[in-house]
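Below: the structure, in structure tokens.
The values are calculated or read from the model by the stated rules, or taken from the named source; none is laboratory data. Model, not experiment: these values are computed from the prediction. Because the Cβ atoms are built from the backbone with ideal geometry, glycine has one as well, and the counts that use them run over all protein chains shown. Each accessible area value is taken on the protein alone, full model and side chains, heavy atoms only, with ligands, DNA and RNA left out. Shrake-Rupley method; radii C 1.70, N 1.55, O 1.52, S 1.80 Å.
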Amino acid sequence: MNIVLFGPPGAGKGTQSALLVDRKQMKHISTGDLFREAMKNQTPLGVKAKSFVDAGKLVPDEIVIGMVAEVFKNLKGQSFILDGFPRTVPQADELEKMMSGMNLNIGKAVFLEVPRETLMRRLTGRRVCNSCGAVYHVDSKPTRQEGICDVCGGQVVQRKDDHQDVIGTRLEAYDKSTSPLKQYFASKGLLSEVNGLGATEEVYGRLASQIA
Ligand code: AMP
């Protein structure tokens, strides 16, 4: 089953996607990761996206849609998780068109629900490895050695857009542009709401039972 995983920044989409990839052999398509990779490599796409991503603003729809269309060209029949896409209603409409053109469909759109104060705590304390992308948290999942990734030995840093001043902009973008997707997917009979609070494995159990 192909799924869309959506929710506010800090809801745990990336963490849960990593488990699904590992345990259900699904392909992970994260538009945020694709932008960060493009920015790191300073590709034309990365250069275009950088000012938006760093400011916590949504990258314009046509840029995101073009990028996802490229990824879809290389799908090899594997079920996938869309993490962070769509993030606006026009993106969702475009996704539907792209999928039907390829004879594919979305089986579920899972909304990860987390209260605002928890999101703030998760986002301000989040740290990521700038080599392999492993995710840590200063309180709940610190690295064994300060600033060094447990997995690959890379440097563990704070994402620019996880700085306190940018988080507010990201949450506003979510409220304005992404939260209407709940209604959008509900109207198509695809919405599934999952409580994103609690330990990673607890949340995974709830999520997995929705997409079994
Ligand atoms: P994420 O890692 O999903 O939190 O995404 C990080 C940033 O990438 C977002 O704050 C946006 O600037 C950009 N981004 C990722 N996905 C999208 C999307 N579907 N539409 C617009 N901007 C996006």
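Just check segment 166-212 against the gyration tensor rule for me: Cα atoms, a ≥ b ≥ c as the square roots of the eigenvalues, rounded for a/c under 1.5, and otherwise prolate or oblate depending on whether a/b exceeds b/c. Provide the component values of the computation, followed by the final result.
Working: a/c = 4.23, a/b = 1.27, b/c = 3.33.
Here segment 166-212 falls in the oblate category.
Kirkwood hydrodynamic radius, segment 128-188, all distinct C-alpha pairs: what's the number in Å? Could you put the intermediate results ahead of the total?
On the way: mean 1/r = 0.0726 Å⁻¹.
Evaluated on segment 128-188, it is 13.8 Å.
Within the chain, what's the longest stretch lacking trypsin sites (Lys or Arg not before Pro) that sit in DSSP loops with no more than 14 other Cβ atoms inside 10 Å? Show your work: numbers first, answer last.
Numbers: sites that count: Lys76, Arg144, Lys188.
No qualifying site falls inside 1-75, the longest such stretch.
At 1.4 Å probe size, with the rest of the protein present, what percent of the exposed accessible area of the chain is carbon and sulfur atoms? Working shown, then result.
Values: 5480 of 10780 Å².
Result for the chain: 51 percent of the exposed heavy-atom area is carbon or sulfur.
Taking the alpha-carbon distance from Lys24 and a cut-off under 17 Å, which lysines remain once sequence neighbours fewer than 8 residues away in the same chain are dropped?
Answer for Lys24, where 17 Å is the Cα cut-off: Lys13, Lys76, Lys108, listed by chain and number.
Just tell me which aspartates and glutamates come within less than 19 Å, Cα to Cα, of Lys73; anything on the same chain fewer than 8 places away is out.
Asp33, Glu37, Asp61, Glu62, Asp83, Asp93, Glu94, Glu96
For segment 1-100, report the accessible area per residue in Å² (1.4 Å probe, heavy atoms, rounded to an integer). Before the final figure, lay out the partial values.
Details: 4580 Å² over 100 residues.
Value returned for segment 1-100: 46 Å² of accessible area per residue.
Which of the lysines could a cross-linker span from Lys160 if the Cα-Cα distance has to be under 17 Å and same-chain partners fewer than 8 positions apart are dropped?
Within reach: Lys40, Lys48, Lys50, Lys57.
Viscosity 0.692 mPa s, temperature 37 °C: what is the translational diffusion coefficient of the chain from Stokes-Einstein with a Kirkwood Rh over Cα pairs, rounded to a whole number of µm²/s? Spell out each step's value before the answer.
Numbers: Rh = 17.6 Å.
Rounded to a whole number, D works out at 186 µm²/s.
Take every Cα-Cα distance within segment 99-150, group them into 10 Å bins from 0 onward, and report for each bin the whole-number percent of pairs it holds.
20, 31, 23, 20, 6
What does segment 1-118 give for Rg and for Dmax, in Å, if only its C-alpha atoms count?
Over segment 1-118's Cα set, Rg and Dmax evaluate to 14.1, 41 Å.
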